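The values are calculated or read from the model by the stated rules, or taken from the named source; none is laboratory data. These numbers were taken from a predicted model, which means no experiment stands behind them. FYI the Cβ positions are ideal-geometry reconstructions off the backbone, even for glycines, and counts take in every protein chain you see. Quick note on the areas: whole protein, heavy atoms, side chains included, nothing else; ligands and nucleic acids left out. Shrake-Rupley method; radii C 1.70, N 1.55, O 1.52, S 1.80 Å.
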Amino acid sequence: MTTITDRLAQAQHRIALAAQKCARDPADITLLAVSKTKPPAQIIAAYEAGQRRFGENYVQEGESKIIALKANYPDIEWHFIGPLQSNKSRIVAEHFDWMHTLSREKIAQRLSEQRPAGMAPLNVCIQINVSQEESKSGVAPEHMLPLAAAIAGLSGLCLRGLMAIPTATYDHELQHREFAQLQQLFRQLQTHYPEVDTLSMGMSNDLETAIAQGSTLVRIGSAIFGERD
Ligand SMILES: *Cc1c(COP(=O)(O)O)cnc(C)c1O
């Protein structure tokens, strides 16, 4: 049986190989383990194998896991990576360390106001919609800088970079183009905000392409925890 420990090691190996191929330092690429729909016991198994960063997609599910694990695993870094409705922003502001899917100024303001005074500012990434699909969330590339300027003025938030979920496709060319466009946007953002350091892109099926195009954080779910029901 393949264990979470084995699969975590395999994911790290894929990251190292992909980095080597494009002459990047594997240490510059963070592995976020996406634990949505998986029980706390599997998070603990990954933790015991050395994993410290976990991503959750659903607000209430994430909140209950954080509450369950906080006392015994205080050094887990929790990333919210799902869509967020403004009426649930408080839960993210009060429990998570990172929020990857920011695409509205109104939610940015709420998160900043709701961030508890005793906590470090919430690290945020702007979600970019690079795919042609109307239904995808995220801001259009031309709205990146205005939203970044709004975030920069909020004391409860710390702008860290960009995140995207490109078109789910077997078309390698299209995948490559979308990741390349994101890298270009990331560089543009860095010219305005030099401290920005995170390009959150790449998942179980496309992490190699994402790393070749400059990803600094890959979000890996099924390759670590197995397929979701
Ligand atoms: C589920 C999810 C992932 C992980 O996807 P896998 O294909 O299981 O690796 C990454 N990012 C986001 C935003 C997700 O919703």
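For this structure, a couple of remarks:
- List 99, 119, ordered by accessible area with a 1.4 Å probe, largest first: 119, 99
- For residue 77, the amide hydrogen comes within under 5 Å of the amide hydrogens of 53, 54, counting only partners 5 or more places away or on other chains and with H modelled in the peptide plane.
- Between amide H atoms placed 1.01 Å from N, distances below 5 Å from residue 202 occur with 219, all of them 5 or more places distant or on a separate chain.
- Most to least accessible of 37, 30 (protein chains only, probe 1.4 Å): 37, 30
- Restriction of the GluC sites (Glu not before Pro) in the range 184-229 to DSSP coil positions whose beta-carbon has at most 10 other beta-carbons within 10 angstrom yields 195, 227.
- Per residue accessible area in Å² of the chain, where ligands, DNA and RNA are left out and the probe is 1.4 Å: 48 Å²
- Among the chymotrypsin sites (Phe, Trp or Tyr not before Pro) found in the range 129-229, those both in a DSSP coil and sparsely packed, with 13 or fewer other Cβ atoms within 10 Å of their Cβ, are 170.
- Under Karplus coefficients 6.51, -1.76 and 1.60, residue-wise ³J(HN,Hα) of the range 122-128 in Hz, glycine/proline x: 6, 6, 10, 10, 7, 7, 9
- For the chain, lysine pairs separated by 8 or more sequence positions, or belonging to different chains, with Cα-Cα distances below 24 Å total 12.
- Along the range 86-94 the Karplus relation, 6.51 cos²θ - 1.76 cosθ + 1.60 evaluated at θ = phi - 60°, assigns HN-Hα couplings of 4, 6, 10, 4, 4, 4, 5, 4, 8 Hz to successive residues, with x for each Gly and Pro.
- Normalised contact order of the chain, rounded percent, pairs of Cα under 8 Å and 6 or more residues apart: 21 percent
- Put simply, when 4-14, 150-160 are sorted by average Cβ atoms within 10 angstrom per residue, most first, you get 150-160, 4-14.
- The shape of the range 4-225 comes out oblate: with a ≥ b ≥ c from the C-alpha gyration tensor, a/c is at least 1.5 while a/b does not beat b/c.
- Signed unit charges on C-beta, dipole axis of the chain, positive-most listed residue 116, 141, 74: 116
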